[in-house]
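The values are calculated or read from the model by the stated rules, or taken from the named source; none is laboratory data. Computed from a predicted model, the values in this text were never measured in an experiment. Every residue, glycine among them, receives a Cβ derived from its backbone with ideal geometry; neighbour counts consider all protein chains shown. Accessible surface areas use protein heavy atoms only, side chains included; no ligands, DNA or RNA. Shrake-Rupley method; radii C 1.70, N 1.55, O 1.52, S 1.80 Å.
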Amino acid sequence: LLQDKEELEQVVQERTLEIQDQKTEIERSRDEIAKYAKDITDSIKYAKRIQKAIFPNWRDVREILPEVMVFYQSKDLVSGDFYLAEKVGNKTVFAAVDCTGHGVPGGFMSIVANNLLQQAIRQLGLTNPAEILDYANRGITNTLHQTYEESSVKDGMDVAMCCWDQERSVVEYAGAYNPLYLFRDGNLKQIKADRFPVGTFIGEKARKFTNHVIEVKSGDVLYIFSDGFADQFGGPKGKKFMQSRFRDLLRDIHTKSLDEQYDILSKTFAKWKGNLDQIDDVCVLGVRIS
């Protein structure tokens, strides 16, 4: 009996030491994972600072477009969506851009896309939206060296781009998947986008974007946007917000002040999303013609 007891105590002691070793190893692994996670998070935060330095904030945009509303909410620390506004002579070019992916991959694509659009506008002086998108289309292909065989996803961007010529009271528009909404006297005019993205594979014939010319008048309200708002899941049944509901929301708010519009969009999105995760970046620009 004494021998059995000693053997049992020996087994318990060995198991205790084994469990302590396992606990030590788990704690060491946990500390390593925590360190890696912190390093990754710090890197992404730094990437966010870079992205924030490159892209304009809404105050910068408001200096160029005094009557503008920007609702922008990234899914992650860095975003694949961005917006821009540039003054070129008596014209103002502005756009809402949705790059492939979100988070870090979308953030990388947004830097490439923004660089190409800025080259077209600032260096080449292009103001025709279709020509700007054609330039970016070629640039993405050449920059990323995309081939059909190597890519499971075509990297590029969906975009709605406008150029407002205030002297002629004309807005030119070109789009890749994302349309332009124009509200006038309570009525909606939708200008449809081309049904292909900015970004082609090497060897694939590059299609030309369509340039639309729209006469505008004081009081008109224009909206350009990514698909993040309409695609968000939520509501009582956990379904998508949907483009039709988004369109009706803009119809309801377009006569309100731009600050009120922002508040309504922000509260509506938050309420619809509820406790669900945000699934994509969101970018909405509203511009009132004065």
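Quick rundown of the values:
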| read-out | value |
| --- | --- |
| Sole residue being under 25 Å from residue 62 (Cα atoms) and surrounded by fewer than 20 Cβ atoms within 10 Å (Cβ to Cβ), chosen from 267, 273 | 267 |
| Close pairs (7 angstrom Cβ cut-off, 6 or more residues apart or separate chains): at positive phi and assigned to a loop (DSSP other than H, G, I, E, B) in region 167-194, surrounded by 14 or more Cβ atoms within 10 Å (Cβ to Cβ) and modelled with pLDDT of 95 or more anywhere | 169/216 |
| Of residues in region 135-146 being touching a residue at least 24 places away in the same chain (Cβ under 8 Å) and open to solvent by 20 Å² or more (accessible area, probe 1.4 Å), the one nearest to residue 88 (Cα to Cα) | 138 |
| Matching strands (runs of 3 or more DSSP E) fully within region 204-290 where at least 3 residues are under 30 Å from residue 156 (Cα atoms) and touching a helix residue (DSSP H, G or I) at 6+ places or on another chain (Cβ under 9 Å) | 221-225, 282-288 |
| In region 127-157, residue modelled with the lowest pLDDT [restricted to those that are part of a helix (DSSP H, G or I) and touching a strand residue (DSSP E or B) at 6+ places or on another chain (Cβ under 7 Å)] | 140 |
| Meets criteria (surrounded by 20 or more Cβ atoms within 10 Å (Cβ to Cβ), modelled with pLDDT of 90 or more and more than 21 Å from the chain's Cα centre (by Cα)) for residue 171 | yes |
| Qualifying residue in region 53-74 (condition: closer than 19 Å to residue 112 by Cβ, aliphatic (A, V, I, L, M) and open to solvent by less than 40 Å² (accessible area, probe 1.4 Å)) | no |
| Which listed residue, of 231, 248, 227, is touching a Lys or Arg at 6+ places or on another chain (Cβ under 9 Å) and either open to solvent by less than 60 Å² (accessible area, probe 1.4 Å) or under 26 Å from residue 278 (Cβ atoms) (or both) | 231 |
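Conditions tested, residue by residue: (1) in a loop (DSSP other than H, G, I, E, B); (2) out of contact with any Leu (no Cβ under 9 Å at 6 or more places or on another chain).
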site: 59; (1), (2): no, yes
site: 69; (1), (2): no, no
site: 82; (1), (2): no, yes
site: 93; (1), (2): no, no
site: 97; (1), (2): no, no
site: 111; (1), (2): no, yes
site: 120; (1), (2): no, no
site: 125; (1), (2): yes, yes
